[in-house]
Every structure is written in structure tokens, then in C-alpha cells.
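The values are calculated or read from the model by the stated rules, or taken from the named source; none is laboratory data. This structure is a prediction, so every number in the text was calculated from the model and none was measured. When we count neighbours, we look across all protein chains shown, and the Cβ atoms used for this are built from the backbone with ideal geometry, even at glycine.
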Amino acid sequence: MTGAPRPGAATLVVIDMQRVFQDEGQWQVPRYAEIVPVIERLQQELEGSTVFTRFVRDEAEHGAWTAYYQRWDEMRYPADSTAWDITMDVPGRATVLDAPTFSKWGPQLAALVPRGAEMVLTGVATDCCVLSTALGAVDAGRFVTIISDACAAVSDQAQQQTLALLQLLAPMCEVMTSEQFLTRTVRNDYSRP
């Protein structure tokens with residue numbers, strides 16, 4: 001594996017594990033349930049901070065978002081709808097950030113992931129919100145690790161294509177399984193080969 005040392009504990013970021021992506025509907029992610037136990041294991045093993053994000057629709061639908069919600073017309077839930085609820089247990093020490101955008105990278109998340117530190121991305125959808133968040137973080141000088149078995153896309157093909165694309169960004173962005181990550185990080189006390 002490549003990459004510069006990343007000081008301190010990694011920040012685990014759990015992207016959009018919400019009812020709207022779990023339940024049957026226009027945005028359902030088929031392998032949603034499969035990644036939940038992997039994310040839970042990462043939460044237990046990592047000593048760093050955990051951030052959960054929520055996609056919450058901006059009811060104003062500015063600009064191109066109007067066309068987007070015309071396409072996904074069943075997803076026009078109000079901001080206070082239970083459709084936006086996180087389905088996993090959120091520990092008391094975790095931070096929850098809301099955003100009406102695909103990318104969850106912004107000033108709030110940047111403040112929780114120090115420059116030069118590692119952000120570990122999990123959640124849904126790999127081909128949309130995870131990808132967008134990774135690109136923003138890399139542009140801002142953060143190291144990003146995508147945990148392949150803790151992310152899910154709209155299809156297996158989309159998952160494979162997105163992970164292949166993200167691997168091209170190494171060493172700024174790495175893709176690995178949860179077992180590879182835990183072996184490297186937890187069991188090796190953050191040492192790098």
C-alpha cells in the first residue's frame with residue numbers, strides 16, 4: 001500500500017445510512033443491509049471520531065436540483081420526514097452532519113478531519129455521495145480511504161466502476177477491504193509499510 005503517514009486516529013465517516021436509501025423506492029441501494037455489520041465493526045475497532053452524514057432535501061430545489069427532483073419525483077420528502085432518519089445506532093460521541101448535496105465535504109466536515117489526517121469513508125451510495133465526498137476531501141488535501149465492503153452502490157457494476165475510478169487517485173485515495181484496513185490500522189497501530 002502506498003501513501004504518506006497519516007498522524008493520529010482516522011476519522012470514520014458514515015455517509016447517508018438513511019431510511020430513504022434502505023427502504024424500497026427510487027433511491028433504494030440493494031446491498032444496504034450487507035454493509036451495516038461491516039460499518040458497525042469499524043466503529044467498534046477504531047479509536048478516532050465518527051461522523052454520520054444525512055442527505056436532506058432542500059425544499060427550495062435551487063437551480064438544477066429542480067430537474068433532479070422532477071426525475072426522482074417520489075423523493076420530495078419534507079426536511080422533517082422520517083425518510084431522512086439514520087437507520088444505524090449513532091453513538092453519543094458521534095457527530096451528525098446534514099447536507100442537501102451529494103458531497104458531504106465542506107467546512108463542517110473539514111473541521112473534523114485535520115489536514116493531512118485520514119478520512120475513512122463508508123456508506124451509500126458509492127457511485128454518488130461517497131464518490132463526491134471523496135473527491136472534495138482529496139482536493140482539500142485529506143487522505144481518503146474507501147472501505148469497499150462498507151460501501152454500496154445502486155448496482156454491483158456501478159460499485160466496481162466507481163471503486164476502480166477512485167483507485168486511480170492513489171496515494172491520495174486508497175480503496176481496501178475492512179479486513180485490510182483493520183490489519184493495517186488497528187493491528188499495526190497506524191504504522192505504514
(Q) Condition first: touching a Pro at 6+ places or on another chain (Cβ under 7 Å) and of a type in the set (D, E, K, R). Now tell me which residues in the stretch 113-146 satisfy that. (A) none
Q: Pairs only if they're at least six apart or on different chains, beta carbon under 8 angstrom, first in the stretch 123-135 and among the hydroxyl-bearing types (S, T, Y), second in a helix (DSSP H, G or I) and at pLDDT 95 or above; list them, first residue then second.
A: T126/A158; T126/Q159; T126/T162; T126/L163; T133/L109
Q: Can you run down the residue pairs with Cβ atoms below 8 Å, 6 or more apart or on separate chains, where the first is in the stretch 167-187 and over 21 Å from D127 (Cβ atoms) and of a type outside the set (S, T, N, Q) and the partner is in a helix (DSSP H, G or I) and at pLDDT below 95?
A: L182/E45; V186/E45
Q) All but one of (1) modelled with pLDDT under 95; (2) in contact with a helix residue (DSSP H, G or I) (Cβ under 8 Å, 6 or more places away or on another chain) hold for L163; which doesn't? A) (1)
Q. For residues in the stretch 166-193 being at pLDDT 95 or above and of a type in the set (D, E), which is farthest from M119 (Cα to Cα)?
A. E179
Q) Identify, please: which residue in the stretch 140-159 is part of a helix (DSSP H, G or I) and within 16 Å of the chain's Cα centre (by Cα) and is, among those, surrounded by the most Cβ atoms within 10 Å (Cβ to Cβ)? A) Q159
